[in-house]
Amino acid sequence: MRAGRPPGTMEGPDHEEGAAMPGSTNGSTNGSSGTKTMGVLTVGGLVVVTAYTVALGSNGWLWFGWVVLGLITLGMVVTTRST
């Protein structure tokens, strides 16, 4: 048993309490990683749909899908900020 430890405690290196898990915000209030991911996907989708439109012509379903994705992202941002 190591000196300075009461009987019955764990042997080995000291464990840090409250260590952040990889990818966690660790108490940050600037949005969740899921919301950030949705924002990146929405902007990436806009770039793809715009490039498709320029190269091959407009496709209403692509724009409709992008609008739906944007509304879902906006909903996630609003609900994340309100909690």
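The table for this structure:
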item: Hey, THR35 under 27 Å from THR79 (Cα atoms), modelled with pLDDT under 95 and part of a loop (DSSP other than H, G, I, E, B) or not; result: no
item: Count of residues meeting criterion [of a type in the set (Gly, Ala, Ser), surrounded by 10 or more Cβ atoms within 10 Å (Cβ to Cβ) and over 23 Å from the mean Cα position of the chain (by Cα)] in the range 37-83; result: 2
item: Matching residues in the range 33-83 - criterion: being in contact (Cβ under 8 Å) with a residue 12 or more places away in the chain and either touching an Asp or Glu at 6+ places or on another chain (Cβ under 6 Å) or among the aromatic types (Phe, Trp, Tyr) (or both); result: TRP63, TRP66
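Yes/no matrix, rows are residues, columns are (1) part of a loop (DSSP other than H, G, I, E, B); (2) touching a Pro at 6+ places or on another chain (Cβ under 9 Å); (3) among the hydrophobic types (A, V, I, L, M, F, W, C); (4) modelled with pLDDT under 90:
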residue	(1), (2), (3), (4)
GLY31	yes, no, no, yes
GLY39	no, no, no, no
THR42	no, no, no, no
VAL49	no, no, yes, no
ILE72	no, no, yes, no
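The values are calculated or read from the model by the stated rules, or taken from the named source; none is laboratory data. Here the structure is a predicted model, which means the values were calculated and not measured. So basically every Cβ, Gly included, is an ideal-geometry build from the backbone, and we count neighbours across all protein chains shown.
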